[in-house]
Amino acid sequence: MNTVVLRALPAIVLAVAYPLLAHWASIDGGGVSASLAMADLVALCLVGPLMQGQAWAWAVMAATAAGLAWIAQTPYAQMLLLAPPMLFVGFVAWMFGRSLRAPREPLITRIVAGMERCEPAQLPPALYRYSRRLTAMWAWLLTGLAVANGVLALIAEPDGVLVRLGYTPAVTIGQEEWSLFANLLNYGVLGGFFVGEYALRRYLFPHRPYRHFFDFVRQMAALGPRFWRSLFD
């Protein structure tokens, strides 16, 4: 296991654990399980500075843990789980959409250029156009999922926003069904789109610098942390 993977391992573990913890918490219906899921999410957001031993990050984590321990005893812990699927997916959708506005280069275009070892403007015109359209497709897909997550969070029962505010919507969805969509199925949709688009790209642009899907994923990871941080600047 190379150094890059080892460094990324805590973030990967926390990222994989969150939807599982969140789904378990939604089924369990308890405040403690909901708080554990939220603590995992906060740790994921702070994983870099936490691993670097930065005092402020550990202070934020400690304060968050104390706050979650308190809120676990209230009815509102479950409501906290409603926000992340909408906010995080919406934020990533905004990042994709924002990159389509000049003078920025589309996110997918920059990734393709990174793997081709060239500047975005040096990509073949057909590949440049495709990567730009693909960035727009990711933005629309993520926006659709964020909106769906938000609507379902409103009408979920018994811990949805409207029910908690005292309104009974005409159409409701069970808490477990909401969680199944927001915490698990979202990732299946995104993963299916990712794999399907890869197959289409291999057909449209067969002469690429990777041999197969796993080589493609390996080369994306090999772009390094600095590239991925700068991608969202």
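The values are calculated or read from the model by the stated rules, or taken from the named source; none is laboratory data. Just so it is clear, the structure is predicted and the values come from calculations on it, not from any experiment. Note that we place each Cβ from the backbone using ideal geometry, even for glycine, and neighbour counts take in every protein chain shown.
Here's the yes/no breakdown for (1) in contact with a Pro (Cβ under 7 Å, 6 or more places away or on another chain); (2) over 14 Å from residue 22 (Cα atoms); (3) modelled with pLDDT of 90 or more:
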position: 150; (1), (2), (3): no, yes, yes
position: 153; (1), (2), (3): no, no, yes
position: 159; (1), (2), (3): no, no, no
position: 169; (1), (2), (3): no, yes, no
position: 176; (1), (2), (3): no, no, no
position: 183; (1), (2), (3): yes, no, yes
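Being touching a strand residue (DSSP E or B) at 6+ places or on another chain (Cβ under 9 Å), surrounded by 17 or more Cβ atoms within 10 Å (Cβ to Cβ), outside the structural domain of residue 33 (by TED's automatic domain parsing) and in a helix (DSSP H, G or I) is not true of residue 145. Evaluation of residue 89 against the conditions (1) farther than 24 Å from residue 219 by Cα; (2) touching a Leu at 6+ places or on another chain (Cβ under 7 Å); (3) outside the structural domain of residue 207 (by TED's automatic domain parsing) shows that the sole unmet condition is (3). Filtering the stretch 155-200 to residues that are closer than 19 Å to residue 25 by Cα and of a type in the set (Asp, Glu) leaves 157, 159, 176, 177.
Being free of Cβ contacts under 8 Å to residues at least 24 places away in the same chain, under 22 Å from residue 128 (Cβ atoms) and of a type outside the set (Gly, Ala, Ser) narrows it down to one of 198, 210, so name that one. Criteria check complete, one pass: 198. Restricting attention to the stretch 156-175, which residues are in a helix (DSSP H, G or I) and either buried (at least 18 other Cβ atoms within 10 Å of the Cβ) or out of contact with any helix residue (DSSP H, G or I) (no Cβ under 7 Å at 6 or more places or on another chain) (or both)? Within the stretch 156-175, 163, 175 qualify.
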